[in-house]
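The values are calculated or read from the model by the stated rules, or taken from the named source; none is laboratory data. Since the structure is predicted, the reported quantities are computational estimates derived from the model, not experimental observations. All Cβ positions, even for glycine, are placed from backbone atoms using ideal geometry, and neighbour counts span all protein chains on display. Keep in mind that these areas ignore ligands, DNA and RNA; they rest on the heavy atoms of the full protein, side chains included. Shrake-Rupley method; radii C 1.70, N 1.55, O 1.52, S 1.80 Å.
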Amino acid sequence: MASAAVDYDGEHLKSSAPHSQSAPTGGSMAVFSCKPYDREYLEKAASELNLDFKFAFFDTHLDANTVRLASGFDAVCVFVNDKVDEEVVTTLASFGVKLIALRCAGFNNVDVEKASELGITVARVPAYSPNAVAEHAVTLMLALNRRIPQAWSKTRSGNFSLVGQMGFDMIGRRVGIIGTGHIGGIVAEILKRGFKCDVIAHDVQKDPRLEAPEPEGLGVRYVELDELFRTSDIISLHAPLLPSTHHLINEDSIAKMKPGVMIINTSRGGLIHTQSLVNGLKDKKIGHAGLDVYCKEGPYFFQDLSEEGVDDDVFARVMTFPNVIVTAHQAFFTVEAMTQIAQTTLRNAAGVRQGAGPPKQYGTLDTVVRPQHASKL
């Protein structure tokens, strides 16, 4: 079923499909922080699910300055760097918006309590190819360990020397995983069974499948954070950003770590106090860092700034270290993940439109974000 769509040119909305006289069965949705691939997969999902949506695609972020663009729509669709705070939520409610649809798993950028108070449903995509993010985390580990960026650069310029290229065997190395949800659990499995690493973990909710002895489980031992910091060769972050996890990696925690520790973050930028990370890199306490997220990534990630450059001094400093790899929040970015994100987002919107509410993803995972989720420590 065809879906109508409009684009925003900075001042005006422009229709790119014939106007339908009847209300779209899927409802109307303003999509913010929209890139060409977002539009492609949302329109494809609408067709495959036989849902008739009226879309408006905006490449701008949703915030207090752009919220007026959501007027007249049933739902807004947002991403990780949109700012859906109390002011924005209140304005959305005044427009009659009924759904804030996150095309991601995280929801720390939405005032969930205010949305609930004003009767706006907040729905997310709790699992979109967790394998994609897990595999990217392991990719960063291997690229840092074997110095792949340096090798690529050297050989392209005719330098085939192995000086400066030495890495270490992954087998037997202790990897501490903080957060053992879907993604963290897959990372644990890859490292434990694929590389035969010594995997330990920390989470307020233990996964019995990971903890169970082999071969039924993985035999992962859950430990306190202090032990994980003190004994891990590699630390991989997969926790949500909550008050209890904000700046989990800081000056004090880094001081407890082994010299030369590798830190991987494919979760949320706010888990790391970036200046402390810089200090640890300068002092050689941190041997490698692989980052797919940054706490102040909003103005930079998903944009081409090759001409303008980066004016965040701390972030710019991070990228000067040869033992740091920064990727631009691309860990999720696979065909499978984009398909799942689009389909789940539209099912959520259709469910709200039809009065049944967002359905569970895969029939088991709750897609609705409630205030108690947002405040859980």
Phi-derived 3J(HN,Hα) across segment 347-352 with the Karplus relation (6.51, -1.76, 1.60, θ = phi - 60°), rounded Hz, x for Gly and Pro, is 5, 4, 5, 5, x, 5
Note to self: C-alpha centroids of segment 152-171 and segment 189-264 sit apart, in Å, by 29 Å
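Excluding residue 131 itself, what net charge comes from residues whose Cβ is under 11 Å from its Cβ, given Lys and Arg +1 and Asp and Glu -1? Please report the intermediate quantities before stating the final value.
On the way: positive: none; negative: 135, 189, 336.
Cβ neighbours under 11 Å give a net charge of -3.
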Long-range amide H partners of residue 235, meaning residues 5 or more apart or on another chain whose placed amide H is closer than 5 Å, are 176, 262, 263, 264
Inverse of <1/r> over all distinct C-alpha pairs of the chain, i.e. the Kirkwood Rh in Å, gives 22.1 Å
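Could you order 59, 233 by accessible surface area, starting with the largest, using a probe radius of 1.4 Å?
Details: 59 100, 233 35 Å².
Solvent-accessible surface, decreasing: 59, 233.
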In degrees, nearest 10, the alpha-carbon axis of helix 36-48 is tilted away from the dominant principal axis of the alpha carbons of the chain by 60 degrees
Measure of exposure for residue 246: accessible area at 1.4 Å probe, Å² rounded to 10, is 100 Å²
Counting only protein heavy atoms and rolling a 1.4 Å probe, one gets per residue an accessible area for the chain in Å² of 47 Å²
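What relative contact order, as a whole-number percentage, does the chain give when Cα pairs under 8 Å and 6 or more residues apart are counted? Don't jump to the answer; show the numbers that get you there.
Values: 730 pairs, mean separation 62.8, N = 377.
Relative CO of the chain lands at 17 percent.
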For the chain, the percent of accessible surface on carbon and sulfur atoms (probe 1.4 angstrom, ligands and nucleic acids excluded) is 52 percent
When the charge dipole of the chain is computed with +1 on Lys and Arg Cβ and -1 on Asp and Glu Cβ about the Cα centre, the Cα farthest towards its positive end, among 220, 362, 269, belongs to 220
